[in-house]
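What follows is one structure encoded as structure tokens, with my remarks underneath.
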Protein chains: 2
Amino acid sequence: MNQKRDLIPEPAVRRLPWYLAYVHLLRERNVEYVSSTQIAREIKVDASQIAKDLSLIDIKGKTRIGYEVPLLEHKLEEFLGFRRGHRAVLVGAGSLGRALMQDSGLMQYGLEIVAAFDVDPRLIGSERSGIPIYDVGRLDELCGPLDAAIGIVTVPVEHAQATADALIVAGVKAIWNFTPYRISVPEDVVVTNTSIYAHLAVMYNRMS
Amino acid sequence: MNQKRDLIPEPAVRRLPWYLAYVHLLRERNVEYVSSTQIAREIKVDASQIAKDLSLIDIKGKTRIGYEVPLLEHKLEEFLGFRRGHRAVLVGAGSLGRALMQDSGLMQYGLEIVAAFDVDPRLIGSERSGIPIYDVGRLDELCGPLDAAIGIVTVPVEHAQATADALIVAGVKAIWNFTPYRISVPEDVVVTNTSIYAHLAVMYNRMS
């Protein structure tokens with residue numbers, strides 16, 4: 001399965017959550033079967049592309065009937081990793097960091113923030129949404145015992161690289177970077193950039 | 001200027017916030033000049049690409065000296081729209097919605113959430129982070145007077161399309177969609193999709 005995963009191109013992986021969102025709706029409406037043509041109409045992706053994407057993860061529809069909705073939902077969630085608990089630590093319990101700590105949606109998508117770290121003495125020792133906040137100096141000591149493979153970076157931009165470096169030394173395998181800074185990491189570490197402010201720039205630009 | 005903006009390809013617009021993040025650091029360190037080669041080394045984008053991107057927005061460096069740091073920062077912020085107040089309403093004051101309402105970072109990047117809307121009677125009439133929460137039925141009545149051109153969609157996925165439709169009827173020109181649902185809009189409306197959960201899927205996939 002792992003080897004199979006490596007072969008799936010990122011654009012396909014990015015489309016799968018769109019299919020899942022629609023299939024989830026159908027399941028709630030007790031729809032039993034859906035065809036790639038129906039999904040295509042709703043999602044504005046070509047039907048043959050959808051069938052191809054789904055076949056990449058071993059999901060095949062039945063001729064003239066289509067895909068079984070509950071099974072399709074289950075397989076998509078399974079493949080996307082939303083059904084497994086991925087443990088993460090968060091560095092930078094400021095405004096955006098605390099926002100993520102209180103977002104229960106992340107848990108639904110398989111991400112559990114088990115601890116947060118900060119430099120602010122007013123935050124250290126407290127907890128938010130049940131998540132303890134530790135001194136960032138304890139990252140190396142605590143990351144291993146917490147069994148966290150993901151590090152979420154929500155520090156001010158000037159500390160982004162140093163924070164990522166510290167997380168990697170502490171043993172995380174993936175960095176979820178919310179700053180607009182282009183972090184450098186060793187080859188075996190995954191970086192996912194979610195710069196919501198960069199999205200704002202694109203939106204403003206297209207509005208004008 | 002407006003016409004010029006239209007000519008700038010989206011990948012370039014997406015790179016500009018990376019340059020800004022680095023230039024902001026340099027300005028804080030009182031660095032006066034920076035060359036595209038230096039930016040390139042830090043950001044891992046080709047130096048000629050950087051020079052090209054910056055020239056697209058009329059920023060030219062001086063030979064052998066480079067770009068004036070404070071001026072470069074100012075021009076990037078200006079072009080990216082981070083220095084203007086863009087008024088937005090948010091629909092769906094659940095976990096993610098409230099997280100965005102308390103994120104002061106958005107304001108720094110020129111986005112002001114002036115009101116939120118929800119269906120939950122326990123939320124309606126209250127406020128969070130100083131932002132009032134209204135009944136979603138009042139969207140059409142209030143959007144115009146609030147002078148909001150942007151609608152932020154943080155509702156459950158099954159209400160994403162209906163919410164976008166209501167926002168467009170109420171007069172917004174851009175939808176910032178945080179759900180994984182592919183919403184359809186008329187041609188003159190801008191949609192920006194920020195599905196943080198889809199980013200999670202890509203990260204999980206690359207980790208395994």
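Just a few scattered comments:
- For the stretch B:40-56, the count of residues that are among the polar types (S, T, N, Q), out of contact with any strand residue (DSSP E or B) (no Cβ under 7 Å at 6 or more places or on another chain) and under 23 Å from residue A:158 (Cα atoms) is zero.
- Selection status of residue A:25, modelled with pLDDT under 95, within 29 Å of residue B:185 (Cα to Cα) and not assigned by TED's automatic domain parsing to the domain that holds residue A:164: yes
- Condition met for residue A:169 (surrounded by 17 or more Cβ atoms within 10 Å (Cβ to Cβ) and assigned by TED's automatic domain parsing to the domain that holds residue A:92): no
- Of A:50, A:43, A:59, A:8, all but one fail to be within 27 Å of residue B:196 (Cβ to Cβ), more than 9 Å from chain B (Cβ to nearest Cβ), surrounded by 13 or more Cβ atoms within 10 Å (Cβ to Cβ) and modelled with pLDDT under 95; the exception is A:59.
- Filter result for residue A:105 (at pLDDT below 90 and either closer than 29 Å to residue A:179 by Cβ or buried (at least 20 other Cβ atoms within 10 Å of the Cβ) (or both)): yes
- Any chance residue A:201 is more than 12 Å from chain B (Cβ to nearest Cβ) and touching a Gly at 6+ places or on another chain (Cβ under 8 Å): no
- Checked against (1) under 26 Å from residue B:40 (Cβ atoms); (2) charged (D, E, K, R); (3) not assigned by TED's automatic domain parsing to the domain that holds residue A:96, residue A:182 passes all but condition (3).
- Pair list, Cβ under 6 Å, 6 or more apart: the stretch A:120-149 residue free of Cβ contacts under 8 Å to residues at least 60 places away in the same chain, other residue part of a loop (DSSP other than H, G, I, E, B) and of a type in the set (S, T, N, Q): A:129/A:102; A:133/A:126
- Test: residue in the stretch A:54-75 that is within 23 Å of residue B:184 (Cα to Cα) and under 22 Å from the mean Cα position of the chain (by Cα): yes
- Only one of the listed residues (A:78, A:68) is more than 10 Å from chain B (Cβ to nearest Cβ), modelled with pLDDT of 90 or more and touching a strand residue (DSSP E or B) at 6+ places or on another chain (Cβ under 7 Å). That residue is A:68.
- Applying the criterion of at least 3 residues that are within 14 Å of chain A (Cβ to nearest Cβ) to the helices (runs of 4 or more DSSP H) found wholly in the stretch B:87-194 leaves B:95-101, B:105-108, B:160-169.
The values are calculated or read from the model by the stated rules, or taken from the named source; none is laboratory data. Everything numeric in this text was worked out from a predicted model, so none of it was measured. For neighbour counting, all protein chains shown are included, and Cβ atoms are generated from backbone atoms with ideal geometry for every residue, glycine included.
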